[in-house]
Amino acid sequence: MQRTASIGTAMQVIAANVDMVLVVTSIKQPAFNNGFLCRVLAAASWKELKATIVLNKMDLAGSQDEKLKNRIMATYGLEGAGYPLFPVSCVTGFGADELLEHIKGLTVVMTGPSGAGKTSLVKYYNPSLDIRIGGLNPKTSKGKHTTVAARLIPLKNNIAIIDTPGLRMFAIDHIPRNELQFCFPEFRNYLDECRFRDCLHLSEPGCAVKSAVEKDAVSEIRYGEYVDFMNEKIP
Ligand SMILES: Nc1nc2c(ncn2[C@@H]2O[C@H](COP(=O)(O)OP(=O)(O)O)[C@@H](O)[C@H]2O)c(=O)[nH]1
Ligand SMILES: [Mg+2]
Ligand SMILES: [Zn+2]
């Protein structure tokens, strides 16, 4: 499993040096993707890295997208899964000061779908930087892979930011099946209350995680992604 080994090594190198993972997503172009976000959050949690979510391109949000934004905040934000979440726009600067304050003095690594605006965010904070911003493929609205290697960029306020070409190091295939549950922080309150000690929160009777989902105390979206990931792993 060469691939898993190199992912693990890259993650170790990064994990040893950074204070936080900044997961840069966008409300649209490319479309917001729960599966992607949950994957990265789980991978960060596995490495005991703090994660913050950036929801970029809010300047493109119409009224339907505002509803989507509220759902994303309820699902992932402090009231939901518990992650700090910042809706921003690299075009208008909306939310940028709050985000900058949040990462003050930290070394952060950025990850996120290609085209979500990672490089644009760095460029917003430091316009004099000579870095390339990718266009969107006009046919697919997907980003082109413009950032070719991970690089550490100093910003103001003692911030160092690592721009990455993609998300390859945020795979979750190396997380053991019975430990993935611990990578969903909002599940933790319920894990001790399941009827069976080895409950994997799938179809076991008396599962406290599932009843929390039924009571809306745990997001159905997050739980659904957990179940999907579990089904991807060999039983
Ligand atoms: N409308 C809008 N476009 C943005 C925003 N941020 C980035 N973009 C555009 O999205 C495309 C991809 O940006 P880039 O920073 O290269 O994304 P990266 O692949 O995540 O580094 C570029 O065309 C940017 O101009 C934003 O906040 N609003
Ligand atoms: Mg980039
Ligand atoms: Zn359970």
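The values are calculated or read from the model by the stated rules, or taken from the named source; none is laboratory data. Quick caveat: nothing in here was measured; it's all calculated off a predicted structure. Cβ coordinates were reconstructed from backbone atoms using ideal geometry, including for glycine residues, and neighbour counts include every protein chain displayed.
Side notes on the structure shown:
- Failed criterion for Ala61 (all others in (1) in contact with a helix residue (DSSP H, G or I) (Cβ under 7 Å, 6 or more places away or on another chain); (2) under 25 Å from Ser219 (Cβ atoms); (3) within 16 Å of ligand 2 (Cβ to nearest atom) hold): (3)
- Note on the stretch 167-192: among residues that are of a type in the set (A, V, I, L, M) and assigned to a helix (DSSP H, G or I), the one that is farthest from Tyr76 (Cα to Cα) is Met169.
- Checking Leu78 against (1) buried (at least 18 other Cβ atoms within 10 Å of the Cβ); (2) away from ligand 2 (no atom under 16 Å from the Cβ); (3) in a loop (DSSP other than H, G, I, E, B), the condition it does not meet: (1)
Residue by residue, here is whether (1) touching a helix residue (DSSP H, G or I) at 6+ places or on another chain (Cβ under 7 Å); (2) within 16 Å of ligand 1 (Cβ to nearest atom); (3) in the same structural domain as Ala42 (by TED's automatic domain parsing); (4) not small (Gly, Ala, Ser) holds:
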site	(1), (2), (3), (4)
Arg197	no, no, no, yes
Cys207	no, no, no, yes
Ser211	no, no, no, no
Glu214	no, no, no, yes
Glu220	yes, no, no, yes
Gly224	no, no, no, no
Val227	no, no, no, yes
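- Test: residue in the stretch 187-208 that is within 18 Å of the chain's Cα centre (by Cα) and within 12 Å of ligand 3 (Cβ to nearest atom): yes
- Considering the stretch 193-210, and only residues there that are in contact (Cβ under 8 Å) with a residue 12 or more places away in the chain and either small (Gly, Ala, Ser) or not in a loop (DSSP other than H, G, I, E, B) (or both), the residue that is farthest from ligand 2 (Cβ to nearest atom) turns out to be Gly206.
- Within the stretch 199-231, being exposed (fewer than 12 other Cβ atoms within 10 Å of the Cβ), within 22 Å of Ala43 (Cα to Cα) and acidic (Asp, Glu) holds for one residue alone: Glu220.
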